[in-house]
Amino acid sequence: MAVLTAMLTAGLLTAMPTYAAEFQVESREVVDRKMVFATVESVDNTQARSRIGGTIAKLVVREGDAVTTGQHLALVVDPKLTPRLNAIDARIKAAVAQRQLAEIELKRAEDLLQKGVGTKARADQTRAAYEAANNEAAALRAERAVIEQQGVEGAVLAPETGRILKTLVTTGTVVQPGEPIAEIAVGRYVLRMMLPERHARFLKAGEKVLIGPRGLGVGEQGLGEGEVVLVYPQLDHGRVVADVSAQGLGDFFVGERTRVWVAAGKRQAILVPPDYITYRFGVALVRLKDDAEVVVQLGQAMPDGVEVLSGLKAGDILVAP
């Protein structure tokens, strides 16, 4: 009989549910976060421009390409440069011939002057003609160097390291000096937020924000935490504009949107650890210490737990299987 009683007692103890540590519900002050959309923007944009006028003979980049400082983006060809070079070459040959003739005349005048046959005025005149012809040849060579440099400057170079946002021309396009060829996003990216004006008093540089998954993805791991680096002093159509710095934005598309949770003041809330919440038939339940189950309405998840909007009050003690 004693053995039977012990077995029954052990069976009853085994059948009774066991619970983890108790959790006492309390109201605490939490940061009230609001979800807004932020857009990926580059800190600075610049333009690669044509240095000469001409026709786009080659375009070697397209939207989205990463470029480095000094990289060739396009080639501008001026068809007038070749005829100008040919013309300047002909003028240089004529100037060289004129200089050679002036040099011969100068030597002859100096010889005659030494022999006492010629005059000093004649020698000075031929020397001036020789120097003029020499200077003319040098000036033409310098002019030719300018034309050659114009041909070299037909290469459109990237002014900064970044990513091509937009190409503004196509092959065969006629461009003028200084005309933009491509737009480049320079340097790091930031998340640019626009919040309603009522949140302006809560937003300041150094404030931490929570960043959701890339784009509008659901169920993906977010970027984590970011920091407000700049709050613009001017409202944009009744909205506060702020930039958020975050890791992992390097491969984002400029203009891509993602969700961001920003602080909008503080309030009292009841937070419950997720381990104490069960779900049945689409309903969230918690179990009290007296073994009663209570239906609760859940709010947003926070780092310290899940907010309970209704169903619990401060002082309740929860248990979890």
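The values are calculated or read from the model by the stated rules, or taken from the named source; none is laboratory data. Being a predicted model, the structure only gives us computed values, none of them experimental. No Cβ is skipped: glycine too gets one built from the backbone with ideal geometry, and neighbour counts run over all protein chains shown. All accessible areas refer to the heavy atoms of the entire protein, side chains included, with ligands and DNA or RNA removed. Shrake-Rupley method; radii C 1.70, N 1.55, O 1.52, S 1.80 Å.
Residues in the stretch 93-120 that are crowded, with 18+ Cβ neighbours inside 10 Å and hydrophobic (A, V, I, L, M, F, W, C) were compared, and the one that is nearest to Gly151 (Cα to Cα) is Ala95.
If you filter the stretch 31-45 down to residues that are modelled with pLDDT of 85 or more and open to solvent by 40 Å² or more (accessible area, probe 1.4 Å), you find that the one that is farthest from Leu75 (Cα to Cα) is Phe37. Those residues that are farther than 21 Å from Glu225 by Cβ and surrounded by 19 or more Cβ atoms within 10 Å (Cβ to Cβ), I need them from the stretch 250-276; list them, please. Correct list: Ile270, Val272, Tyr276. Looking at Ala123, is it surrounded by fewer than 16 Cβ atoms within 10 Å (Cβ to Cβ) and among the aliphatic types (A, V, I, L, M)? No. Annotation note: Cβ proximity below 7 Å between a residue of the stretch 181-200 that is farther than 18 Å from Phe253 by Cβ and a residue that is polar (S, T, N, Q) (sequence gap 6+ or interchain) occurs for Ile181/Ser50.
Of the set (1) more than 30 Å from Val231 (Cα to Cα); (2) part of a loop (DSSP other than H, G, I, E, B); (3) aromatic (Phe, Trp, Tyr), all apply to Tyr279 but (2).
Exactly one residue among Ile147, Ile211 is more than 30 Å from Lys80 (Cα to Cα) and touching a Leu at 6+ places or on another chain (Cβ under 6 Å), and that residue is Ile211.
Taking first residues from the stretch 60-80 that are farther than 15 Å from Gly187 by Cα and partners that are charged (D, E, K, R), the Cβ contacts under 7 Å between residues at least 6 apart in sequence or on separate chains come to Glu63/Lys166; Ala74/Lys58; Leu75/Lys58. The number of residues in the stretch 136-166 being open to solvent by 30 Å² or more (accessible area, probe 1.4 Å), touching a residue at least 40 places away in the same chain (Cβ under 8 Å) and not basic (Lys, Arg) comes to 11.
If only residues of the stretch 68-92 that are of a type in the set (D, E, K, R) and open to solvent by less than 70 Å² (accessible area, probe 1.4 Å) are counted, the one that is farthest from Val169 (Cα to Cα) is Asp89.
Counting only strands (runs of 3 or more DSSP E) that sit wholly inside the stretch 282-321, those with at least 1 residues that are among the hydrophobic types (A, V, I, L, M, F, W, C), surrounded by 15 or more Cβ atoms within 10 Å (Cβ to Cβ) and free of Cβ contacts under 8 Å to residues at least 12 places away in the same chain are 283-288. Among what's in the stretch 14-30 and is of a type in the set (Val, Ile, Thr) and surrounded by fewer than 17 Cβ atoms within 10 Å (Cβ to Cβ), pick the residue that is modelled with the highest pLDDT. It comes out as Thr18.
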